[in-house]
Amino acid sequence: MTKPRLNFWQIWNMSFGFLGIQFGFALQNANVSRIFETLGASIDDIPILWIAAPTTGLIVQPIIGYLSDRTWGKLGRRRPYFLIGAILATAALFIMPNSPVLWFAALMLWVMDASINISMEPFRALVADLLPSEQRTTGFAVQSFFIGIGAIVASALPYMLTNWFGISNSAAAGEIPQSVIYSFYLGGIAFIGAVSWTVFRTKEYPPQDLELFEREKEESKGFGAGVKEIILNFKDMPKTMKQLAVVQFFSWFALFCMWIYTTSAVTSHIYKTSDPTSPLYNEGADWVGVLFAAYNGFAALAAFLLPVIAKKTSRKVVHMISLVIGGISLASFYIISNPQMLLVPMIGVGLAWASILSMPYAILAGALPPKKMGVYMGIFNFFIVIPQIAAAGILGFIMHTFLQNEAINALLLGGCSMIIAGLFALIVHDKDM
């Protein structure tokens, strides 16, 4: 099937849901460690508590990808999953900041991340479904733009609510500040609203032969058949996907270090406090939200620059440069003592983040068979979540044994990992099928 070129507003509408999805992820990334520490978690307990996020992605995304490849109804192929995930994620965002104890917060992280993954996985496949090869880099770049915009607002929400609207950012021991609670409420509303926009403003192409589609689905129905197909596809993944897997491992290991340790690194290394009940700690934690908003803002701007540079060089060269700059920027936290100066390395982190969200998918989409786009995009998520599971499993030990439980050292480790990812990007085979 020859796919028609879509205009800018059609690409805009099909990607708009990522604005809401990123509200969920950004609130999670900027605030969950803060919630865990507030509820009594120690610095070396935090990685294992975070293991929920990558584990749910490992399980949920390939299953949703497989199911969405085999779905067709009134809402199309991918859109039913957008909507189901959005409803569940919105509920989780309302409940998470009201967690009474640490174990309940960890449980809600599982629920929230699973729900976000149900919505997110089919969005990657949707771009590959609807856009011709020459527009895919633009499609993934527009997704990156919305991810950046959503994360700017969501990451900075606690800071804005406190400094612009006077909502308290402190609370008694064991209590979540009101600024964080209201941020999650607003995030839930944004999530369901943005995803619904894409669901009802985007049309999907039906299978070319609907009768054959239904017959093939009937012949391979059942849980066992689904598991078998996922395993077989995993074994037969294209060479490009295997090469990208190495790049993804080191990229996402670095991101996990950043997401779970930046709050502790900034509050202890720069604000000189590790007491979650102190005003200084909450000031530092709010500033981390601003820093996360900043790197996502830079990513939103870079999202439109990267395709232009890629046309003049190549996608893998752009990815390499972005990752190396991002790694150096993350490691530079170690030598900065002024909180405001941390905005400078966030430019480089934002460049890397924009590339991570677009270039691997643009490269991969051209190497995949169209009928298996969903399941392969889900399998590709393995190489996002496996490094995060590895990080969650070993970072606590590394922190305790080698890094003196100093969170700033975890950011150094993450910076080195991102540089390694950039070097491996150069060996990726980047040609469409």
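Considering only residues of the range 304-320 that are out of contact with any helix residue (DSSP H, G or I) (no Cβ under 7 Å at 6 or more places or on another chain) and in a helix (DSSP H, G or I), which is surrounded by the most Cβ atoms within 10 Å (Cβ to Cβ)? Restricting to residues being out of contact with any helix residue (DSSP H, G or I) (no Cβ under 7 Å at 6 or more places or on another chain) and in a helix (DSSP H, G or I), the top hit is V317.
Restrict the check to the range 89-103 and report whether at least one residue is surrounded by fewer than 17 Cβ atoms within 10 Å (Cβ to Cβ), closer than 27 Å to P370 by Cβ and out of contact with any Lys or Arg (no Cβ under 8 Å at 6 or more places or on another chain). So far as the range 89-103 goes, no, none of its residues is surrounded by fewer than 17 Cβ atoms within 10 Å (Cβ to Cβ), closer than 27 Å to P370 by Cβ and out of contact with any Lys or Arg (no Cβ under 8 Å at 6 or more places or on another chain). Note on the range 121-132: residues that are part of a helix (DSSP H, G or I), farther than 14 Å from L67 by Cα and touching a Gly at 6+ places or on another chain (Cβ under 6 Å) amount to 1. Looking at (1) under 20 Å from the mean Cα position of the chain (by Cα); (2) crowded, with 18+ Cβ neighbours inside 10 Å, which is the one condition that is false for L301? Of the numbered conditions (1) under 20 Å from the mean Cα position of the chain (by Cα); (2) crowded, with 18+ Cβ neighbours inside 10 Å, the odd one out for L301 is (2). Among the residues making up the range 267-283, those that are in a helix (DSSP H, G or I) and either of a type in the set (S, T, Y) or surrounded by fewer than 24 Cβ atoms within 10 Å (Cβ to Cβ) (or both) are T267, S268, H269, P279, L280, Y281, E283. Looking at the range 119-141, which of the residues that are surrounded by 24 or more Cβ atoms within 10 Å (Cβ to Cβ) and over 22 Å from A302 (Cβ atoms) is modelled with the lowest pLDDT? This residue is E121.
I384: surrounded by 16 or more Cβ atoms within 10 Å (Cβ to Cβ), in contact (Cβ under 8 Å) with a residue 60 or more places away in the chain and assigned to a helix (DSSP H, G or I), yes or no? Yes, satisfied.
Residue-level analysis places S33 outside the set of residues that are more than 15 Å from A105 (Cβ to Cβ) and of a type in the set (S, T, Y).
Scan the range 27-51 for residues that are crowded, with 23+ Cβ neighbours inside 10 Å and farther than 23 Å from A390 by Cβ and the total you get is 5. Could you list all residues from the range 370-381 that are assigned to a helix (DSSP H, G or I) and crowded, with 20+ Cβ neighbours inside 10 Å? Passing the criteria: M373, G374, V375, Y376, M377, G378, I379, F380. Only one of the listed residues (I181, I118, I149, I176) is touching a helix residue (DSSP H, G or I) at 6+ places or on another chain (Cβ under 6 Å), in a loop (DSSP other than H, G, I, E, B) and among the aliphatic types (A, V, I, L, M). That residue is I176. Have a look at A392, A299, A303, A352 and point out the one that is within 25 Å of P47 (Cα to Cα), among the small types (G, A, S) and modelled with pLDDT under 90. Of the residues listed, the single one that is within 25 Å of P47 (Cα to Cα), among the small types (G, A, S) and modelled with pLDDT under 90 is A392. From the residues in the range 52-70 that are in contact with a Phe, Trp or Tyr (Cβ under 9 Å, 6 or more places away or on another chain) and hydroxyl-bearing (S, T, Y), which one is surrounded by the most Cβ atoms within 10 Å (Cβ to Cβ)? This residue is S68. Here the helices (runs of 4 or more DSSP H) wholly within the range 30-97 that include at least 1 residues being modelled with pLDDT of 85 or more are 79-95.
Looking across the range 7-26, the residues that are part of a helix (DSSP H, G or I) and hydrophobic (A, V, I, L, M, F, W, C) come down to F8, W9, I11, W12, M14, F18, L19, I21, F23, F25, A26.
Mind listing just one residue for me: the one in the range 321-340 that is in a helix (DSSP H, G or I) and β-branched (V, I, T) and, of those, surrounded by the fewest Cβ atoms within 10 Å (Cβ to Cβ)? Checked the range 321-340; the qualifying residue surrounded by the fewest Cβ atoms within 10 Å (Cβ to Cβ) is I335.
Being touching a residue at least 60 places away in the same chain (Cβ under 8 Å) and under 30 Å from F140 (Cα atoms): is that true of P339 here? So P339 fails the test.
The values are calculated or read from the model by the stated rules, or taken from the named source; none is laboratory data. In this text the structure is predicted, and so the values were computed from the model without any measurement. Glycine gets a Cβ as well: all are built from the backbone with ideal geometry, and neighbour counts include every protein chain shown.
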